[in-house]
Amino acid sequence: MRFNEKELVSLSRQPSEKAAELGMRGPKKGDVVKKRLVKLVVNFLFYFRTDEEEPIGALLLEQCRVEKEDSQTFSIAFLDEAEKKYLFECDSEEQCGEWIDCIIKASYEFMRKNLIFYRTEIHRLTGKDPLEQYGISDETRFQVSNGLQLMTRDTSSL
Amino acid sequence: MKLHEKILMHYLSCTSPVDKEGYLYKKKERTATYHRRWFVLKANLLFYQERPADRHLLGVIVLEGCSVRRSESDGQFAFSLVFEGPGLRTYRFSAGDYQTLESWLKALLSASHCYLSSLLTDLQRQYEEAKQQQRSGELHHSSSVGTFKQSQFFLPVQGSSAVVREGRSLSTGPVLNAPLGSSKVVTKKSPKLWHRRNAHVTPLNGPAPLYGEWPLVGFDPLEEFSKLHDYYGQEVKRTREEWLRSRQAEEERSGGDLINLG
């Protein structure tokens, strides 16, 4: 599948509040912990070899489960494969907690849900739709009933 | 760089909403040919394939760091996604008609994570203000127990950095008569975020937890939003006029919602 690689690499170079060297382990059997510069930009988690300009990879932080594994380690599981987890070792419990928090809140879907919540609440409290002033009140992505939409596509053969 | 495609494909196929889909003509890079492709916009990702029923995805465009522009030099219903930066490309498209063009422009303009993030920050502020007003309104009444719920009380924003610049509103700027026909119209750079400390996001249920930092990508909200609002100014003006007209009729009714949020 083609993707805008140069542009994504450029995105990975943007300043980020959440960037740190963590011990990272892949989900496959036999994967070992490696020191990586892990960087959160929008809803992507980029990981670099230390001192390299271009990231090794990018993980989209949607439909994933972030969990605390032990006091300083958290994991991310994708594709509903709960056993296949990426592991991240932090330097402290505090750092670990912050990463978990940030990753969850970086998800576009998480943000969308919160936006819909605020929209509904502001309307309830003030009688006004806050999106009207921006002319986006009819955009599909901000609709209150959005979360109930079912869109399934079979991509199993890909 | 490895993009873990399976994760993207899984996200595409899951039950979260599709924000827009439809046919568009996509220009092949470095040639004059356009190919008709089926596009699916979900969050800040624009997927494309040959046909809607196809299982094979041709590609995806991550919509961060690009501006959405009409490019009339390419055609009447042409637009492009321009990624700013050395060596970065421009994706060129053509919609079949004006409605399709307008609909896609609107959808793409509000697609980026950065956009959603700044919108969310603004709504959060409005929510806090609305709650404040509700509380101060309640305090003027005699002590009635029911309505004032401590559990809904927001944690005050800590830290000294000016998260929300008071006195600057993100409301629509003056309505410019800039029809879509003009050549350099709809430009929107992916907005950058201003620095936030201890931002709060309320989950759907429960009290607001302390919030982590949003990722920092440089941003001037006023510059980008004013451009956005210039574009939408026409529609907003129309909407407001309609609303004002219908308001008179609405005043008779009690408790009727002017806006149906579904």
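Every number in this text was worked out from the coordinates using simple rules, so none of it is lab data. Keep in mind that what you see is a predicted model, and the values were worked out from it rather than measured. Quick reminder, even Gly has a Cβ in these numbers, built from the backbone with ideal geometry, and neighbours come from all protein chains shown.
Inverting the pair-averaged 1/r between distinct Cα atoms of the range B:1-119 gives 14.9 Å as its Kirkwood hydrodynamic radius. Structural descriptor for chain A: relative contact order 15 percent, calculated from alpha carbon pairs under 8 angstrom and at least 6 residues apart. Here the simple spin-label model places points 7 Å from the Cα toward Cβ, and for A:Glu89 and B:Arg240 these points are separated by 5.9 nm.
What is the order of B:Trp38, B:Trp104, fewest Cβ neighbours within 10 Å to most?
On the way: B:Trp38 18, B:Trp104 21.
Ranked by crowding around the Cβ, least crowded first: B:Trp38, B:Trp104.
When both bridge partners sit in the range B:41-124, DSSP labels roughly 100% of those beta bridges antiparallel. For chain A, modelled as a GNM whose springs connect Cα atoms under 10 angstrom apart, the maximal fluctuation among A:Ile56, A:Ile100, A:Ile136 occurs at A:Ile136. The distance from the alpha carbon centre of the range A:35-72 to that of the range B:54-132 is 25 Å, rounded to a whole number.
Of the GluC sites (Glu not before Pro) in the range B:34-90, the ones in a loop by DSSP (not H, G, I, E or B) with at most 13 other beta carbons within 10 Å are B:Glu50, B:Glu84. Compared with the dominant principal axis of the Cα atoms in chain A, helix A:108-126 is inclined by about 30°.
How large is the charge dipole for the range A:1-152, taken about the Cα centre, if only the Cβ atoms of Lys, Arg (+1) and Asp, Glu (-1) carry charge, to the nearest 20 debye? Walk me through the numbers before you get to the answer.
Values: 23 positive and 28 negative charges, 68 e Å.
Once rounded to the nearest 20, the dipole reads 320 debye.
Look at the stretch B:112-123: the mean tally of other chain Cβ atoms within 10 Å of its residues' Cβ atoms is 5.
Once you have a ≥ b ≥ c as the square roots of the Cα gyration tensor eigenvalues for the range B:63-130, tell me rounded if a/c is under 1.5, and otherwise prolate or oblate according to whether a/b is larger than b/c. Because a/c hits 1.5 or more and a/b fails to exceed b/c, the range B:63-130 counts as oblate.
Per residue of peptide A:6-19, the mean number of Cβ atoms on other chains within 10 Å of the residue Cβ is 6.
Sort A:Cys90, B:Cys14, B:Cys66 by Cβ crowding within 10 Å, fewest neighbours at the top.
Details: A:Cys90 21, B:Cys14 17, B:Cys66 27.
Least crowded to most crowded, the residues run B:Cys14, A:Cys90, B:Cys66.
Answer rounded, prolate or oblate for the range A:1-107, using the Cα gyration tensor with square roots of eigenvalues a ≥ b ≥ c: rounded when a/c is under 1.5, else prolate when a/b is larger than b/c, else oblate. Rounded is the answer for the range A:1-107, as its axis ratio a/c remains below 1.5.
Footprinting exposure proxy ranking of B:Ser71, B:Ser16, fewest other C-beta atoms within 10 angstrom first, gives B:Ser71, B:Ser16.
Relative contact order of the range B:1-99, taken over Cα pairs closer than 8 Å and 6 or more residues apart, is 20 percent.
Within chain A, what is the longest stretch that has no trypsin sites (Lys or Arg not before Pro) placed in a DSSP loop and near at most 12 other beta-carbon atoms within 10 Å?
Working: sites that count: A:Lys28, A:Lys29.
Result, exposed sites excluded: A:30-158.
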